[in-house]
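Participant: Sharing a structure below in structure tokens format, with a few things to ask.
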Amino acid sequence: MAKAIVAKNVVKRYITRVRKGLVRSVKKIIEALRGVSFEVRHGEVVGLLGPNGAGKTTAVKIIATLLLPDDGEVYVEGFDVVREANEVRKRIGLLLSVEKGFYGKLTGRENLEYFGALYGIPRSVLRRRIDELMKLLELDKLGASSRLYEEYSLGMKARLGLARALLKDPPILLLDEPTLGLDPPSARKIRSVVKELARNGKAVLYTTHNMFEAEIVCDRILLINRGKIVAEGSPEELKSKIPQMRTVVVYVRGFNPNDVERVAELVGVKPSLGIDEEGFAMLKFQVRKPEEVLNDIVKGIAKLGCEIARLRIEEPTLEDVFLYFASR
Amino acid sequence: MGFIEILYAETRFVWAGLLRRKSALFTALLYPYILTAFVILVGSTMGSPQLFVVRVGIEPVPFFIVSSFMLMSIMGVVDDIFWKPLFDEFMGTLPYVIASPVDRVLYFVALPLPRLIIVLFIGLSSVLPVMIMYYGVAGVYEAVVVMLLAGFGALVFATLAMCITGALYIAGGETWRSLNVIRPLLMVLLGVFYPRWLMPLTAQYLSWALPPSHVVEAVHRMLAETTGNAVQYFVLLGVATALAILYAPIGSTSIRAWERKKLREGISV
Ligand SMILES: Nc1ncnc2c1ncn2[C@@H]1O[C@H](COP(=O)(O)OP(=O)(O)OP(=O)(O)O)[C@@H](O)[C@H]1O
Ligand SMILES: [Mg+2]
């Protein structure tokens with residue numbers, strides 16, 4: 001079987017006009033994607049993780065045939081998103097925004113029936129499918145079936161959005177920040193459904209800027225920043241890629257802030273200084289191998305006549321990875 | 001993805017919306033009467049109903065009831081085609097509509113049908129009773145013909161509406177403002193309230209380009225009973241059909257060009 005999604009060197013520039021005065025306007029080119037390549041296989045959740053404006057939504061729209069790339073190629077199960085858009089459209093389920101995208105004056109069920117019909121799902125199949133999805137996403141419990149969409153809470157809107165994406169049971173799901181702004185129960189529900197779907201063989205592209213979420217949902221993460229993929233791998237692989245991996249945090253009683261330079265001399269690494277809520281000085285050492293500096297730290301602080309209250313070694317988080325690559 | 005499925009989807013959409021807003025349904029039922037009352041009230045300040053009969057050759061009440069009904073059917077189609085993309089963009093549903101494997105041209109043809117069918121039934125409560133009042137049993141026959149022709153006039157407008165919609169959306173900017181200018185212009189040029197044979201020449205030429213205007217003329221002529229010549233009606237309806245067919249390729253090109261433009265610029269969510 002062809003790979004679920006293959007993107008090769010995708011480039012997208014937006015051309016906007018910035019008004020200068022009454023008639024004059026200046027063309028401004030925004031490079032949203034600058035040569036992005038990646039693959040998504042069936043049965044995995046791939047996270048597209050990046051800060052605001054990184055190009056996540058742009059990438060999703062291109063795969064969903066809603067935006068023409070300026071350069072590069074994208075294939076969905078072997079079909080070209082530009083030349084064979086209709087084949088692609090039959091294979092993807094899409095969620096672009098959790099807070100919009102349905103008709104407010106229709107109930108959740110009527111909305112799903114409308115889009116189901118538009119997607120060409122036979123009526124008898126559609127009715128059963130909507131019941132299934134309402135149950136799966138616990139929309140029935142929330143009374144979503146008979147309530148108008150405009151009365152929905154954000155959590156219900158997001159669930160309905162995922163339900164629509166799943167209506168035709170597509171092999172590929174494109175979910176753009178599906179948990180943005182949701183409360184923990186709704187977010188957890190959506191994450192667990194997504195993971196379960198991937199276990200059953202669906203390919204999922206999941207964008208988020210929430211590190212914690214990417215770590216628990218995604219099998220693989222693509223870090224995107226300013227239109228480029230800057231790192232790629234499983235959460236563990238990514239963490240091992242940043243050089244200064246661990247942080248030794250030392251809580252010190254009676255520390256004189258002016259002694260930071262002396263500590264740096266004694267240990268060989270300059271710590272950052274903070275104060276914790278109990279009033280201890282908090283010295284943070286970023287090191288590759290904590291075991292090599294621990295002794296020096298303890299001895300150095302003793303030499304200054306201070307006392308160590310607590311000591312902790314922090315493993316890197318995905319956030320560190322994110323910040324590390326985003327700042328490069 | 002067949003036409004029937006799209007039609008079914010749109011029908012569900014319109015029905016669900018309409019049932020929820022009973023007041024809108026009620027207003028639609030009253031609309032021909034309100035418009036007729038208004039026009040006749042204003043008209044009476046300028047001239048007597050007798051003068052109207054002399055100039056137009058039709059009693060004012062049936063004329064305006066029929067005209068309002070025609071206007072409602074014909075403009076309903078144009079409105080559906082004009083506004084649905086704007087509405088979808090506003091609701092954030094446009095990307096999901098575009099990402100459906102639906103033929104865009106079929107979609108735009110199917111779009112106005114459900115509402116049109118509902119509107120045609122409104123003829124039963126407006127055109128039918130008034131025609132019976134004025135023309136007796138023969139009025140039933142005329143009312144049925146008027147309703148059928150209203151449906152026909154609305155349908156032949158679809159392709160031109162697609163041309164205009166595509167062109168306007170491609171031009172960009174605040175499309176709804178342009179629509180607010182074009183809509184009343186179309187209403188006047190249709191000649192529903194102001195028979196075409198009374199228009200100035202340039203307006204007549206413009207009016208000729210609108211397929212439903214010929215259907216409107218046929219209805220007016222039938223009411224005026226100027227001639228019993230059947231050929232005349234066939235010519236008028238034939239011209240309307242021919243124009244509609246002529247606009248079809250332009251309409252579909254225009255819609256596809258608009259979609260293409262959207263895909264280049266990105267559809268906002
Ligand atoms: N239709 C558009 N016209 C012009 N510029 C756009 C358009 N859409 C997006 N951009 C710009 O392209 C860049 C990438 O935007 P994109 O929406 O893909 O980012 P994102 O990663 O989804 O961000 P966010 O986390 O805010 O959703 C941004 O600089 C954005 O301002
Ligand atoms: Mg985005």
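Participant: Sort out which residues of the stretch A:225-247 are loosely packed, with under 15 Cβ neighbours inside 10 Å, at pLDDT 85 or above and either in a loop (DSSP other than H, G, I, E, B) or among the basic types (Lys, Arg) (or both), and write them in order of number.
Facilitator: A:Ser234
Participant: Is it the case that the stretch A:267-286 has a residue that's closer than 29 Å to A:Leu238 by Cα and touching a residue at least 40 places away in the same chain (Cβ under 8 Å)? Explain how you work it out, then say what you get.
Facilitator: The first filter runs over the stretch A:267-286 and keeps only residues closer than 29 Å to A:Leu238 by Cα, leaving A:267-274, A:282-286.
With the extra rule that they be touching a residue at least 40 places away in the same chain (Cβ under 8 Å), the set shrinks to A:286.
For the stretch A:267-286, residues closer than 29 Å to A:Leu238 by Cα and touching a residue at least 40 places away in the same chain (Cβ under 8 Å): present.
Participant: Please list, ordered by residue number, the helices (runs of 4 or more DSSP H) wholly in the stretch B:142-225 having 2 or more residues that are within 29 Å of B:Ala257 (Cβ to Cβ) and open to solvent by less than 40 Å² (accessible area, probe 1.4 Å). Talk me through it step by step, then tell me what you get.
Facilitator: Details: elements: B:175-189, B:201-208, B:211-224.
Helices (runs of 4 or more DSSP H) meeting the threshold: B:175-189, B:211-224.
Participant: Quick one: would you say A:Gly300 is open to solvent by less than 60 Å² (accessible area, probe 1.4 Å) and not in a strand (DSSP E or B)? Full working, then the answer.
Facilitator: Working: open to solvent by less than 60 Å² (accessible area, probe 1.4 Å): yes; not in a strand (DSSP E or B): yes.
Judged against the criteria, A:Gly300 is a match.
Participant: If you go through the stretch B:244-269, how many residues are more than 14 Å from chain A (Cβ to nearest Cβ) and open to solvent by 30 Å² or more (accessible area, probe 1.4 Å)?
Facilitator: Of the residues in that region, 7 qualify.
Participant: Among the helices (runs of 4 or more DSSP H) lying completely within the stretch A:147-223, list those that include at least 1 residues that are in contact with a helix residue (DSSP H, G or I) (Cβ under 9 Å, 6 or more places away or on another chain) and either basic (Lys, Arg) or over 18 Å from A:Leu318 (Cβ atoms) (or both).
Facilitator: Details: elements: A:154-166, A:184-199, A:211-217.
Helices (runs of 4 or more DSSP H) meeting the threshold: A:154-166, A:184-199.
Participant: Among all residue pairs at least 6 apart or on different chains, which show Cβ distances below 8 Å where the first residue, located in the stretch B:86-113, is within 9 Å of chain A (Cβ to nearest Cβ) and the second is of a type in the set (Gly, Ala, Ser) and surrounded by 21 or more Cβ atoms within 10 Å (Cβ to Cβ)?
Facilitator: These pairs meet every condition: B:Met91/A:Gly101; B:Gly92/A:Gly101; B:Thr93/A:Gly101; B:Pro95/A:Ala64; B:Pro95/A:Gly101; B:Tyr96/A:Gly101; B:Ala99/A:Ala64.
Participant: Restricting the stretch A:40-64 to residues that are β-branched (Val, Ile, Thr) and away from ligand 1 (no atom under 16 Å from the Cβ), which is nearest to the other protein chains (Cβ to nearest Cβ)? Spell out the reasoning first.
Facilitator: Within the stretch A:40-64, the subset β-branched (Val, Ile, Thr) is A:40, A:45-46, A:57-58, A:60, A:62-63.
Among the residues that remain, those that are also away from ligand 1 (no atom under 16 Å from the Cβ) are: A:40, A:45.
Working: A:Val40: 18, A:Val45: 21 Å.
For the stretch A:40-64, the residue satisfying everything is A:Val40.
Participant: Among the residues of the stretch A:153-181 satisfying the criterion of being within 16 Å of ligand 2 (Cβ to nearest atom) and acidic (Asp, Glu), which is least open to solvent (accessible area, probe 1.4 Å)?
Facilitator: Here the answer is A:Asp176.
Yes or no, residue by residue, for (1) of a type in the set (S, T, N, Q); (2) within 22 Å of B:Glu142 (Cα to Cα); (3) within 14 Å of chain A (Cβ to nearest Cβ):
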position: B:Leu29; (1), (2), (3): no, yes, no
position: B:Gly43; (1), (2), (3): no, no, no
position: B:Leu51; (1), (2), (3): no, no, no
position: B:Val54; (1), (2), (3): no, yes, no
position: B:Pro62; (1), (2), (3): no, yes, no
position: B:Asp79; (1), (2), (3): no, no, no
position: B:Trp83; (1), (2), (3): no, no, yes
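Participant: Counting residues that are among the hydroxyl-bearing types (Ser, Thr, Tyr) and within 16 Å of ligand 2 (Cβ to nearest atom), which strands (runs of 3 or more DSSP E) fully inside the stretch A:1-117 reach at least 1?
Facilitator: The qualifying strands (runs of 3 or more DSSP E) are A:5-19.
Participant: Moving on to the next point. Check every one of the helices (runs of 4 or more DSSP H) wholly within the stretch B:81-130 and list those with 3 or more residues that are open to solvent by 40 Å² or more (accessible area, probe 1.4 Å).
Facilitator: It comes to B:113-122.
Participant: Also, quick follow-up: Out of the residues in the stretch A:192-209 meeting the condition of being polar (S, T, N, Q) and open to solvent by 10 Å² or more (accessible area, probe 1.4 Å), tell me which one is farthest from ligand 2 (Cβ to nearest atom).
Facilitator: Per the stated criteria, the residue is A:Asn200.
Participant: Give the residue that is most open to solvent (accessible area, probe 1.4 Å), with candidates limited to residues of the stretch B:13-27 that are under 16 Å from B:Asp88 (Cα atoms) and at the interface with chain A (Cβ under 7 Å from one of its Cβ atoms). Before you say what the answer is, go through the steps one by one.
Facilitator: Of the stretch B:13-27, the ones under 16 Å from B:Asp88 (Cα atoms) are B:13-14, B:17.
Those left that are additionally at the interface with chain A (Cβ under 7 Å from one of its Cβ atoms): B:13, B:17.
Values: B:Phe13: 29, B:Gly17: 11 Å².
It comes out as B:Phe13.
Participant: Still on this structure: Quick one: is A:Ile5 within 30 Å of A:Ser145 (Cα to Cα), open to solvent by less than 50 Å² (accessible area, probe 1.4 Å) and in contact (Cβ under 8 Å) with a residue 40 or more places away in the chain?
Facilitator: On the way: within 30 Å of A:Ser145 (Cα to Cα): no; open to solvent by less than 50 Å² (accessible area, probe 1.4 Å): yes; in contact (Cβ under 8 Å) with a residue 40 or more places away in the chain: yes.
When the stated conditions are applied, A:Ile5 does not pass them.
Participant: Moving on to the next point. Which residues, taken from the stretch A:103-112, are within 9 Å of chain B (Cβ to nearest Cβ) and open to solvent by 30 Å² or more (accessible area, probe 1.4 Å)?
Facilitator: Scanning the stretch A:103-112 gives A:Lys105, A:Glu110.
Participant: Can you list residue pairs whose Cβ atoms sit under 8 Å apart, with the first residue in the stretch B:174-201 being within 17 Å of B:Ala224 (Cα to Cα) and the second being open to solvent by 80 Å² or more (accessible area, probe 1.4 Å) and modelled with pLDDT of 85 or more? Count only pairs 6 or more apart in sequence or on different chains.
Facilitator: As it stands, the answer is B:Tyr194/B:Val188, since those pairs meet every condition given.
The values are calculated or read from the model by the stated rules, or taken from the named source; none is laboratory data. Keep in mind it's a predicted model, so treat the numbers as computed, not measured. No Cβ is skipped: glycine too gets one built from the backbone with ideal geometry, and neighbour counts run over all protein chains shown. Only protein heavy atoms, including side chains, enter the accessible area calculation; ligands, DNA and RNA are left aside. Shrake-Rupley method; radii C 1.70, N 1.55, O 1.52, S 1.80 Å.
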